[in-house]
Amino acid sequence: MLFADTVVPDPAVHKPKVMAIMLAASFVIFSLMGLNDTVLGEFMRPAIGEPTESGLFGNLAIGLVISMLFTGNIVLIGFLPFRIQVLVVWLELLLLFLAFFYSFGLDFAFIRSKVWFMISQGVFTTLYISAISITLASIVAIFGAVAKLSSNGFAYAIASFYTSFFRGLPLLMQVYLIYLGLPQLGYVIDAVPAGILALTLCYGAYMTEIFRAGIQSINKGQWEASRSMGFKFGLTMRRIILPQAMPLIIPPTGNQFIAMLKDSSLVSVIGVWELMFLARTLGNKDFKHMEMLITAALIYWCLTMCLEVIQSRIERHYRTISH
Amino acid sequence: MKLNRRIFTFATTAALTLCTSMSFAGEALDRVMAAGVLNVATDANWAPQSFINDNNEMDGFDIDVAREIAKRLSVEVEFITPSWDIITAGKWNGRWDLSVGSMTPTKSRAEVLAFPGVYYYTPASIAVHKDSPFEEVSDLNGKAIGAGTATTFELYLQHDLQIDAEGVPAFEYQLTAENKSYKDSTAAMDDLRLGDGVRLNGMVGSLPAILSAIEANYPLRVLGDPVFYEPLALAIDRGDAEFNDKLAGILADMKADGTLTALSVKWYGIDFSSTGG
C-alpha cells in the first residue's frame with residue numbers, strides 16, 4: 001500500500017461500466033489478432049466449422065469467447081482477498097509465460113541432457129565469482145566511503161576519482177581493459193581473477209556511495225558522544241557508527257549482489273565457463289540456442305528469486321531490531 | 001647532477017622494461033616443454049571445427065588437430081576458450097601458446113601473429129534464405145549481408161581481404177553489399193532463418209558451417225560457387241622462430257603421412273587438407 005488510509009474506494013473490477021469497457025476493448029483486440037489459425041481455432045471447431053475457412057465470423061467468435069473468459073477471470077479474481085489475488089495472478093502469468101516458451105517447440109530431451117552440466121559448472125562458477133566479488137567490493141567500499149567523507153584532500157580526490165571512473169565506464173569495457181591492459185604493464189592476469197577484479201572495482205565504486213550514505217545518515221551527536229568518551233576514529237567507526245549504519249547499508253548491498261549475479265555474465269567474453277558462456281556455447285553444435293538460452297534464463301531467474309527471499313528476510317531482521 | 005641521475009634511472013628502467021617485454025627466441029617452446037602442457041586457444045562456438053560435445057568436452061576438427069600436435073610434441077594439451085577477437089588481437093603474453101582455430105593468415109593479422117603453416121582450406125560461400133528470389137551472387141548488390149565480426153567473411157564484404165599464404169586461388173569481389181556484423185556466423189544464420197529480408201538478405205560464411213546448418217533444418221540454400229577459398233593456419237605469438245619451425249615441421253609430417261586428410265574426412269566427409277577446394 002503506497003498510502004494506507006481509511007477511505008476505501010470501490011474496486012474498479014466491481015463497477016459494471018468499467019468491466020463492460022474492458023470486455024469491449026479486449027473483444028476488439030482479440031478479434032483483430034486473427035486467431036482462427038492457432039490452437040484456439042481448433043478448440044472452437046464445433047462452433048465455427050473448419051477454422052481456416054471461418055474468416056471474419058471465426059475471428060469474431062474466438063475474440064468474443066476469449067474476451068469473455070478474460071473479463072470473467074478478472075471479475076472473479078476481484079472478489080478474492082489480497083493474498084490469494086496475488087497468488088492467482090502470479091500463477092496465471094507464470095502459466096502464460098511457460099505456454100509461450102512451450103510454443104517454441106523446444107527439444108526437452110536436449111535440455112535435460114545439458115541442464116545438470118549448466119548447474120554444476122555454470123551456476124557454480126557464476127555464484128563463486130559473484131560471492132568473492134561482492135565480499136571484496138564491500139571491503140573496497142568501506143575504505144572508499146571513509147576516504148570520501150574525510151577532510152584529507154588526497155584521500156577525497158583519490159576516492160572520488162575512483163568512483164567517477166569506475167561508475168563512468170561500461171562494465172564490459174572494464175573487463176576488456178583489465179584482461180588485455182594489465183599484461184601490457186607486465187602482469188599477465190588469468191581470466192577468472194580478471195573478471196573478479198573488474199566486478200570488484202565496478203561494484204566497489206557503486207557500493208562506496210551506498211556505504212557513504214549509510215555512514216552519513218548517523219546523527220552527528222553519535223560522533224560527538226563517542227569523542228567525548230575518548231573513542232578514537234577506528235573504535236567509533238567499529239563500535240558506534242557501522243552497527244547503526246548496517247541496517248541502511250545491507251538491503252541495497254543485497255540488491256547489488258543480485259545485479260552482480262547477472263552482470264557476472266560479462267566475464268564470459270574472456271572465456272570463463274560460467275552460466276552465460278555455457279548458454280551461448282552448449283547448443284551451438286546442434287543449433288539449439290533457444291533451448292540453452294531459455295534454460296539459462298530460467299536458472300538466472302530462480303537464483304535471483306532465492307536471493308530476493310533471502311534479502312527480504314535480512315531486511316525484516318534489521319527492521320525488527322532497529323525498532 | 002641530481003637531474004642527470006634521475007634521467008639515468010629513467011633510462012635504465014625503460015631499457016629494462018623493453019628487455020623484459022621483448023620475446024626471446026625459443027621462449028614459447030621452452031615454456032611448453034618445461035610445463036609439459038600445450039595451452040591451445042580455440043573458439044567454443046565454431047562447430048564442427050571446435051565445440052562442446054555431448055559429454056561436455058571440447059571436440060571437433062581443430063581440437064583433433066591440436067591433440068595430434070600435442071601428441072607429436074609429447075606434451076599434454078589444455079584448451080582455453082577466450083572470445084575470437086581476443087585471440088586475433090595478439091600479444092598473448094604466454095596465456096596460451098598456440099591457436100588452432102581455423103584462422104586465415106591475413107596481412108593485418110601477420111603484424112601481430114606468426115603463422116607456422118596452413119593446415120586446411122575451406123571454401124567461403126554465400127547463403128540466402130530458401131524462399132528468396134536471388135539466383136546469382138551479383139543479385140545481392142546493395143542488400144543486407146551478415147558475417148561474423150573480425151572474420152575474413154566480413155573483410156570480404158568490406159573489400160579489404162588480403163590473404164597472405166601460398167597456394168590460394170585468386171578471387172575477386174563479386175558484390176558490394178551492406179555489411180551487417182554479428183558475433184559469429186551462427187548468429188548471422190539465426191537472423192537469416194527468420195525470412196528473406198526480415199533482418200538479412202544473405203550471409204557469407206564457411207561452406208561446411210552453412211551445410212551443417214542446412215542439415216540442422218535451417219531454411220537456407222547456398223548461392224552459386226564459393227566466392228573465395230580460405231587458407232586456415234595455426235597461429236602463434238610473434239618472436240619464437242624455433243617454436244614456429246617445430247610446428248611447421250609437425251604440420252608437414254601430418255600432411256605427408258595422411259593424418260590431416262583422415263581428420264578432414266572424419267569431420268567434413270571431404271578432404272580439405274591440400275587441394276584448395
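The values are calculated or read from the model by the stated rules, or taken from the named source; none is laboratory data. Every value quoted in this text rests on a predicted model; they were computed, and no experiment measured them. Methodologically, a virtual Cβ is constructed for each residue, glycine included, from the backbone with ideal geometry; neighbour enumeration extends over all protein chains shown.
Do you know which residues across the range A:235-283 are in a helix (DSSP H, G or I) and of a type in the set (Val, Ile, Thr)?
A:THR236, A:ILE240, A:ILE241, A:ILE249, A:ILE250, A:THR253, A:ILE258, A:VAL267, A:VAL269, A:ILE270, A:THR281, listed by residue number.
Within the range A:33-66, can you find the residues that are touching a residue at least 24 places away in the same chain (Cβ under 8 Å) and either exposed (fewer than 15 other Cβ atoms within 10 Å of the Cβ) or not β-branched (Val, Ile, Thr) (or both)?
Listed by number, the residues that qualify are A:MET33, A:GLY34, A:LEU35, A:ASN36, A:LEU40, A:ASN59, A:LEU60, A:GLY63, A:LEU64.
Search the range A:284-309 for residues being assigned to a helix (DSSP H, G or I) and among the acidic types (Asp, Glu), and hand back the single one that is farthest from the other protein chains (Cβ to nearest Cβ).
A:GLU308
Exactly one condition in (1) touching a helix residue (DSSP H, G or I) at 6+ places or on another chain (Cβ under 9 Å); (2) surrounded by fewer than 17 Cβ atoms within 10 Å (Cβ to Cβ); (3) modelled with pLDDT under 95; (4) under 26 Å from A:ALA279 (Cβ atoms) is not met by A:SER120; state its number.
(1)
Which residues, taken from the range A:88-108, are part of a helix (DSSP H, G or I) and at pLDDT below 90?
A:PHE97, A:LEU98, A:ALA99, A:PHE100, A:PHE101, A:TYR102, A:PHE108
State which residue is farthest from the other protein chains (Cβ to nearest Cβ) when the search covers only the range B:38-52 and only residues that are among the hydrophobic types (A, V, I, L, M, F, W, C) and within 16 Å of the chain's Cα centre (by Cα). Please lay out each step first, then the result.
Just the residues of the range B:38-52 that are among the hydrophobic types (A, V, I, L, M, F, W, C), to begin with: B:38, B:40-41, B:44, B:46-47, B:51-52.
Of the ones still in play, those that are also within 16 Å of the chain's Cα centre (by Cα) are B:40-41, B:44, B:46-47, B:51.
Details: B:VAL40: 12, B:ALA41: 8, B:ALA44: 5, B:TRP46: 8, B:ALA47: 4, B:PHE51: 4 Å.
Of everything passing the filter in the range B:38-52, B:VAL40 is farthest from the other protein chains (Cβ to nearest Cβ).
Mind telling me which of the residues B:LEU161, B:LEU192, B:LEU157, B:LEU207 ends up being touching a residue at least 12 places away in the same chain (Cβ under 8 Å), farther than 24 Å from B:SER264 by Cβ, away from chain A (no Cβ under 14 Å) and hydrophobic (A, V, I, L, M, F, W, C)?
B:LEU157 is the lone residue from the list that is touching a residue at least 12 places away in the same chain (Cβ under 8 Å), farther than 24 Å from B:SER264 by Cβ, away from chain A (no Cβ under 14 Å) and hydrophobic (A, V, I, L, M, F, W, C).
Just a yes or no: is a residue in the range A:174-181 in the same structural domain as A:SER268 (by TED's automatic domain parsing), surrounded by fewer than 19 Cβ atoms within 10 Å (Cβ to Cβ) and outside any helix (DSSP H, G or I)? Spell out the reasoning first.
Pass one, the range A:174-181, residues in the same structural domain as A:SER268 (by TED's automatic domain parsing): A:174-181.
With surrounded by fewer than 19 Cβ atoms within 10 Å (Cβ to Cβ) added as a condition, the list becomes A:177, A:180-181.
If we keep only those that are outside any helix (DSSP H, G or I) too, we end up with none.
Checked against the condition, which is being in the same structural domain as A:SER268 (by TED's automatic domain parsing), surrounded by fewer than 19 Cβ atoms within 10 Å (Cβ to Cβ) and outside any helix (DSSP H, G or I), the range A:174-181 yields no hits at all.
Touching a Gly at 6+ places or on another chain (Cβ under 9 Å) and modelled with pLDDT of 90 or more: which single residue out of A:ALA131, A:ALA145 fits that description?
A:ALA145
I'm checking my understanding of the structure. Among residues of the range B:83-113 that are part of a helix (DSSP H, G or I) and crowded, with 18+ Cβ neighbours inside 10 Å, which one is farthest from the other protein chains (Cβ to nearest Cβ)? Spell out the reasoning first.
Initial filter on the range B:83-113 (part of a helix (DSSP H, G or I)): B:84-88, B:107-110.
From what is left, the residues that are crowded, with 18+ Cβ neighbours inside 10 Å are B:84, B:86-88, B:109.
Working: B:TRP84: 10, B:ILE86: 7, B:ILE87: 9, B:THR88: 12, B:ARG109: 16 Å.
Per the criteria, the residue is B:ARG109.
State the number of residues belonging to the range B:53-82 that are modelled with pLDDT of 90 or more, in contact with an Asp or Glu (Cβ under 8 Å, 6 or more places away or on another chain) and at the interface with another protein chain (Cβ under 9 Å from one of its Cβ atoms).
Number satisfying all stated conditions: 1.
Let's see how each residue does on (1) in contact with a Cys (Cβ under 7 Å, 6 or more places away or on another chain); (2) farther than 22 Å from A:GLY195 by Cα; (3) touching a residue at least 60 places away in the same chain (Cβ under 8 Å); (4) not basic (Lys, Arg):
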{"position": "A:LYS114", "(1), (2), (3), (4)": "no, yes, yes, no"}
{"position": "A:ILE119", "(1), (2), (3), (4)": "no, no, yes, yes"}
{"position": "A:PHE124", "(1), (2), (3), (4)": "no, no, no, yes"}
{"position": "A:ILE129", "(1), (2), (3), (4)": "no, no, yes, yes"}
{"position": "A:VAL146", "(1), (2), (3), (4)": "no, yes, yes, yes"}
{"position": "A:SER150", "(1), (2), (3), (4)": "no, yes, no, yes"}
{"position": "A:PHE154", "(1), (2), (3), (4)": "no, yes, no, yes"}
{"position": "A:ILE158", "(1), (2), (3), (4)": "no, yes, no, yes"}
{"position": "A:SER164", "(1), (2), (3), (4)": "no, no, no, yes"}
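Given the residues B:ASP237, B:ASP225, which is the only one that is within 14 Å of another protein chain (Cβ to nearest Cβ) and either surrounded by fewer than 19 Cβ atoms within 10 Å (Cβ to Cβ) or among the acidic types (Asp, Glu) (or both)?
Details: B:ASP225 fails: within 14 Å of another protein chain (Cβ to nearest Cβ).
Step by step, each of B:ASP237, B:ASP225 is checked, and only B:ASP237 is within 14 Å of another protein chain (Cβ to nearest Cβ) and either surrounded by fewer than 19 Cβ atoms within 10 Å (Cβ to Cβ) or among the acidic types (Asp, Glu) (or both).
Does A:ALA198 count as surrounded by 21 or more Cβ atoms within 10 Å (Cβ to Cβ), closer than 16 Å to A:TYR128 by Cα and in contact with a strand residue (DSSP E or B) (Cβ under 9 Å, 6 or more places away or on another chain)?
No: the conditions fail for A:ALA198.
Just to be sure I understand, how many residues within the range A:67-86 are surrounded by fewer than 13 Cβ atoms within 10 Å (Cβ to Cβ), assigned to a helix (DSSP H, G or I) and not β-branched (Val, Ile, Thr)? Give the steps one after another, and end with the answer.
Within the range A:67-86, the first condition is being surrounded by fewer than 13 Cβ atoms within 10 Å (Cβ to Cβ), and the residues that meet it are A:69, A:72, A:76, A:79, A:81-84, A:86.
Keeping just the survivors that are assigned to a helix (DSSP H, G or I) gives A:69, A:72, A:76, A:82-84, A:86.
From what's left, not β-branched (Val, Ile, Thr): A:69, A:72, A:76, A:82-83.
Summing the residues that are surrounded by fewer than 13 Cβ atoms within 10 Å (Cβ to Cβ), assigned to a helix (DSSP H, G or I) and not β-branched (Val, Ile, Thr) in the range A:67-86 gives 5.
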